[in-house]
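Have a look at the structure below before the remarks.
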Amino acid sequence: MAKVMVMEHPLIQHKIGIIRRTGTSSKEFRELVGEVAMFMAYEATRDLKLREIEIETPLAKTKAMQLAGKKLAVVPILRAGLGMVEGMLAMIPAAKVGHIGLYRDPDTLEPVEYYCKLPADSSEREVFVVDPMLATGGSAVAAIAMLKEKGVKNIRFLCLIAAPEGLKKLQETHPDVDIYVGALDDHLNEHGYIVPGLGDAGDRIFGTK
Ligand code: PRP
Ligand code: URA
């Protein structure tokens, strides 16, 4: 079964508390989503493989550590996932970036695919799928299925806020995908919104409502 890690870091919790508030402006919201993504990238990369190499400092030869595992890629689910990309790249600047376009049909709540562009060597990479919200889980499940169809084998999913319903669906459908969650909320309302949540993440990031 997939590992689920709910981030307990005080800075993550504090920043998510500000993000949730109705009065937080789009500018602050975007900045904070980026900052939380940065901390989450730090936590979600704890187990990356290292190898020892010989280096020379100005004073002496010595041994140092270097990342040794698979190369990395970040794949935001459009639109709201875009808000997490910069923060992720601040931590893992050599990562390539793919994009998956999905929107949730407001009536059926089913994800509708409209775009997919991935790095050519994605199947060789460790891929971090990012989206601030895991609600019914439909979008995350579909995005990860699209990646697997293209041969991607090593996938992690990062979100700021998850509902128990979405978490369960994602774990059950993709048990090989580890899930990193900023905060685990209470439930979904009748429109599929996370309660207490933060509202519509895409609209709040881009100021479209
Ligand atoms: C939001 C969010 C997720 C999805 C989560 O995107 O960013 O992608 O809903 O809901 P789910 O778990 O029930 O699928 P939305 O469809 O609103 O698109 P947007 O990012 O373009 O605003
Ligand atoms: N998408 C959002 O942006 N917010 C929710 O609460 C659910 C889905």
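The values are calculated or read from the model by the stated rules, or taken from the named source; none is laboratory data. Nothing here was measured: the structure is a model prediction, and the numbers come from that model. All Cβ positions, even for glycine, are placed from backbone atoms using ideal geometry, and neighbour counts span all protein chains on display. Accessible surface is based on the protein model in full, side chains and every heavy atom, while ligands, DNA and RNA are left aside. Shrake-Rupley method; radii C 1.70, N 1.55, O 1.52, S 1.80 Å.
With a 1.4 Å probe and all protein chains left in place, how much of the accessible area of region 4-206 comes from carbon and sulfur atoms, in whole percent? Solvent-exposed carbon and sulfur of region 4-206 make up 54 percent of the total. Checked against a 18 Å cut-off, the cross-linked pairs Lys96/Lys117; Lys49/Lys70; Lys3/Lys70; Lys70/Lys96; Lys49/Lys148; Lys96/Lys169 give Cα-Cα distances beyond that limit for Lys3/Lys70; Lys49/Lys148; Lys96/Lys169. Per residue, the chain exposes 52 Å² of solvent-accessible protein surface, assessed with a 1.4 angstrom probe and all protein chains in place. Dipole of the chain computed with +1 at Lys/Arg Cβ and -1 at Asp/Glu Cβ about the Cα centre; of Met88, Asn154, Leu50, farthest Cα towards the positive end is Leu50. The angle separating the long axis of helix 10-20 from the principal Cα axis of greatest extent in the chain is about 30 degrees. Local charge for Ala64 was computed over the other residues whose Cβ lies under 14 Å away, with Lys and Arg +1 and Asp and Glu -1, and equals 0. Starting from the Cα gyration tensor of region 132-209, take the square roots of the eigenvalues, sort them a ≥ b ≥ c, and report rounded, prolate or oblate (rounded when a/c is under 1.5, otherwise prolate if a/b is larger than b/c, else oblate). Prolate is the answer for region 132-209, as a/c is 1.5 or above and a/b outweighs b/c. Go ahead and run the numbers for FRET between Ala94 and Glu56, Cβ-Cβ distance against an R0 of 22 Å, rounding to 0.05. My answer for the efficiency is 0.50. Taking only Cα atoms, what is the 0 to 90° angle, nearest 10, from helix 138-149's long axis to the longest principal axis of the chain? Helix 138-149 sits roughly 40 degrees off the main axis of the chain. Using the alpha-carbon positions of region 8-157, Rg (one decimal) and Dmax (whole number) come out as 17.7, 66 Å.
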